[in-house]
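Working notes for the structure below.
Every number here is computed from the coordinates shown, using simple stated rules; none is lab data. Keep in mind the model is a prediction, meaning the values are calculated, not measured. Backbone-built Cβ (ideal geometry, glycine too); neighbour counts: all protein chains shown.
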Amino acid sequence: MENGLKRDGKVIAFIDLGTNSVRLLVVKLNPNFSYTVISQEKEVVRLGEREFNDELLKPEAMRRTILVCKNFAELAKTYGASEIIAVATSATREASNRDEFIGELRAKADIDIKVISGLEEARLTYLGVSSGVDIGDKKAVFVDIGGGSTEISIGDQFNLYYLDSFPVGAIRLTSAFIREEWPGSVSASTYENIFLYAKNVILRATSVVKRHNIETAFGSSGTIVNLAEIANRMFDKPNDSKGLILGRKQLKKVVEELCSLPLEERRKIPGINPERADIIIGGAAIIDALMDNFDLKEVIVSTRGLRDGMLEDYISKIPGFPHFQKTPIKERSVIQLGRLCNFDEKHSYVVATLALQLFDSSKRMGLHNYGNEEKDFLKYSAMLHDIGDFISFNNHHLHSYYIISNAEMLLGFNQQEVKLIANIARFHRKKYPNTEMLEEEGFDAYSKRLVIVLSMLLRFAENLDRSHAGLIKSAEFNEADENSVALKITSDSQFLLEEWSLKNNVGAFHKVFGMELRIIGSLSQAPLGNISVAEEEVD
């Protein structure tokens with residue numbers, strides 16, 4: 001065993017058996033504290049169909065669910081899963097015939113399922129969502145609307161303060177007030193009754209949420225995701241920098257439209273999931289009630305949830321992983337990506353350290369006025385600049401750009417931030433960026449300049465560890481005279497390869513910053529003059 005895992009890793013499958021859907025997540029856990037998502041699947045089964053009036057799972061609903069679970073289990077095993085962890089939520093825990101259902105699952109699908117409480121469901125959902133967003137020490141409320149119940153939690157990045165679960169869900173309220181597959185429209189009075197009922201059920205949490213001074217809210221579940229997608233299409237809204245957003249005012253308009261249409265017309269609304277059309281009004285009333293009770297103007301939508309929380313909970317129990325989980329989410333996901341690409345971790349940290357030294361000293365010199373956010377962009381670009389080696393050394397900077405741009409596992413970053421990091425890494429070698437080259441990225445003037453400046457600092461930091469030997473102990477810019485800057489380098493040994501690489505970029509420094517550059521090192525005391533730019537650097 002190595003770090004609690006076999007040397008070749010371990011494949012685990014997680015199944016979330018909900019009231020409306022069954023979800024599967026298959027991952028490979030690697031010994032270097034990274035994991036690879038192998039498969040994610042979802043099937044709508046309506047396990048809770050017509051259950052909540054008599055607390056009985058119906059035979060046809062059980063049959064559908066068992067078949068899907070069997071298929072998911074077989075799929076997981078084809079991927080080499082040595083363990084399948086499955087949990088069931090509201091529909092199963094409230095059913096009087098749940099033991100019969102669990103027995104059939106074991107016999108026909110070879111799955112041992114654990115029925116979890118509403119509070120445990122809330123905890124796991126919090127773990128799943130909070131591990132995919134960057135919230136730091138801000139307090140947030142996390143909301144998950146299921147088919148049979150709704151869970152909320154209050155927490156920050158690593159701390160959980162409150163959990164609660166309520167017997168209101170999209171299927172449950174539809175069954176009680178409308179009827180599943182009701183073909184007609186829904187009257188304003190019927191919607192108001194659902195809304196008021198939901199408000200009353202969740203009332204006990206209102207004072208708790210307000211007492212915690214919530215700064216932001218996150219919503220997970222198919223209902224919330226689908227409502228936000230409908231709102232975006234209806235109002236032609238581009239995604240916010242925070243991601244997909246469901247605003248209260250937009251929700252009201254969406255509800256009006258949904259209620260006014262019969263079921264078949266509702267299924268045709270742009271952005272809607274047709275399989276959810278009959279229960280989405282019940283789900284909308286719940287999030288409407290929550291936003292009203294908690295005074296929320298908007299909810300940030302997350303596609304993560306319970307099954308992601310099951311993974312987080314699992315790896316927290318593996319020696320070595322708990323410490324890694326406490327790493328800030330952005331840095332953690334960067335490290336995960338780097339390790340999946342078998343990056344030279346030591347070199348990446350050396351380059352990142354040197355890049356940040358150059359960032360701080362160049363700021364003191366007045367070469368830029370960027371802050372901590374931009375500094376982090378440089379740090380993460382430095383950590384990932386060489387991951388393209390995973391594909392090929394030749395043009396690896398372009399491969400790095402492609403991998404970063406398309407890596408869905410970079411959690412906590414929005415699309416603009418990912419594009420910035422990818423481009424900074426892209427230009428750490430060979431051609432220098434200019435505003436024309438960055439037009440295709442859709443960057444504004446600020447972003448173009450940021451890429452040009454930070455990629456230059458990264459290029460110098462990479463040059464300072466060209467040999468991957470960690471020879472340079474420190475590097476910083478100092479004032480030489482009013483027209484030039486000195487790069488002071490400290491090393492305990494010769495660094496001829498690094499010095500040669502730096503010479504090839506002195507002219508580019510002048511072009512970006514308008515200053516001459518002289519290089520002064522512990523074993524290279526002679527200052528260097530301005531050397532012409534090499535358009536194609538050999539790396």
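Counting charges near residue 491 (Lys, Arg +1; Asp, Glu -1) among other residues having Cβ under 14 Å from its Cβ returns a value of -2. Only Lys, Arg, Asp and Glu carry charge here, each on its Cβ (+1 for the first two, -1 for the last two); on that basis segment 42-115 has a dipole of about 220 debye about its Cα centre. Between helix 222-235 and the chain, what is the angle of the helix's C-alpha long axis to the longest principal axis, kept within 0 to 90° and rounded to the nearest 10? Tilt relative to the chain: about 70 degrees. Between the helical axis of 248-260 and the longest alpha-carbon principal axis of the chain there is an angle of about 40 degrees.
Evaluating 6.51 cos²θ - 1.76 cosθ + 1.60 at θ = phi - 60° for every residue in segment 61-76, the Karplus couplings come out as 5, 5, 4, 4, 5, 5, 4, 5, 4, 5, 4, 5, 5, 5, 4, 4 Hz, glycine and proline recorded as x. Beyond a 25 Å Cα-Cα separation, which of these cross-linked pairs lie in this structure: 330/430; 138/297; 138/326? Cα-Cα > 25 Å for 330/430; rest within. Put simply, the amide H of residue 115, placed in the peptide plane, has neighbours under 5 Å in 88, leaving out anything fewer than 5 places away on its chain. When segment 1-100 is described by a simple charge dipole with +1 on each Lys and Arg Cβ and -1 on each Asp and Glu Cβ, the residue from 84, 19, 57 located farthest towards its positive end is 84. Among the trypsin sites (Lys or Arg not before Pro) in segment 232-302, those located in a DSSP loop and surrounded by at most 11 other Cβ atoms within 10 Å of their own Cβ are 268, 297.
Exposure proxy ranking for 141, 255, based on other Cβ atoms within 10 angstrom of each Cβ and starting from the fewest, stands as 255, 141. Annotation for segment 393-488: GluC sites (Glu not before Pro) lying in DSSP loop with at most 12 further Cβ atoms inside 10 Å of their Cβ are 408, 436, 482. Only DSSP H runs of four or more residues enter the estimate; each adds -39500 (n - 2.57), and after division by the residues of the chain the mean residue ellipticity at 222 nm equals -14000 deg cm²/dmol. Computed extension length for residue 344-residue 313: 8.3 nm, one decimal, from 0.36 nm per residue of separation with the Cα-Cα distance subtracted.
Take each peptide in 286-293, 494-501, 107-114, count the other Cβ atoms within 10 Å of every residue, and average; sorted highest first, the result is 286-293, 494-501, 107-114. By the count of neighbouring beta-carbon atoms within 10 Å, fewest first, 259, 69 end up ordered 259, 69. Ranked by the mean number of other Cβ atoms within 10 Å of their residues, highest first, the peptides 463-471, 369-377 fall in the order 463-471, 369-377.
Step through the table entries 42/114; 363/419; 42/249; 346/448, compare each Cα-Cα distance with 27 Å, and write down the pairs that go over it. Long pairs (Cα-Cα over 27 Å): 42/249; 346/448. Charging the Cβ of each Asp and Glu at -1 and of each Lys and Arg at +1, and nothing else, the dipole of the chain about its Cα centre rounds to 460 debye. Residues in segment 112-125 carry Karplus couplings, in order, of 9, 9, 9, 8, 9, 6, x, 5, 5, 4, 5, 5, 5, 5 Hz; the curve used is 6.51 cos²θ - 1.76 cosθ + 1.60 with θ = phi - 60°, and Gly or Pro positions show x. For segment 148-236, the set of GluC sites (Glu not before Pro) satisfying both a DSSP loop assignment and a count of at most 16 other C-beta atoms within 10 Å is given as 180, 181, 215.
Using bins of 5 Å that start at zero, the share of Cα-Cα pairs per bin across segment 133-303 amounts to 2, 9, 19, 23, 21, 14, 8, 4, 1, 0, in whole %. Taken about its Cα centre, segment 329-521 carries a charge dipole of roughly 160 debye when the Cβ of each Lys and Arg holds +1 and the Cβ of each Asp and Glu holds -1.
As a ratio to 2.2 N^0.38 Å, the alpha-carbon radius of gyration for segment 329-521 is 0.96. Helix 445-463 sits at what angle to the longest principal axis of the chain, using alpha carbons and giving 0 to 90 degrees rounded to 10? In the chain, helix 445-463 runs at an angle near 60 degrees to the longest axis. Projecting the Cα atoms of 365, 341, 378 onto the charge dipole of segment 329-521 (Cβ charges, centred on the Cα centre) puts 341 farthest toward the positive pole.
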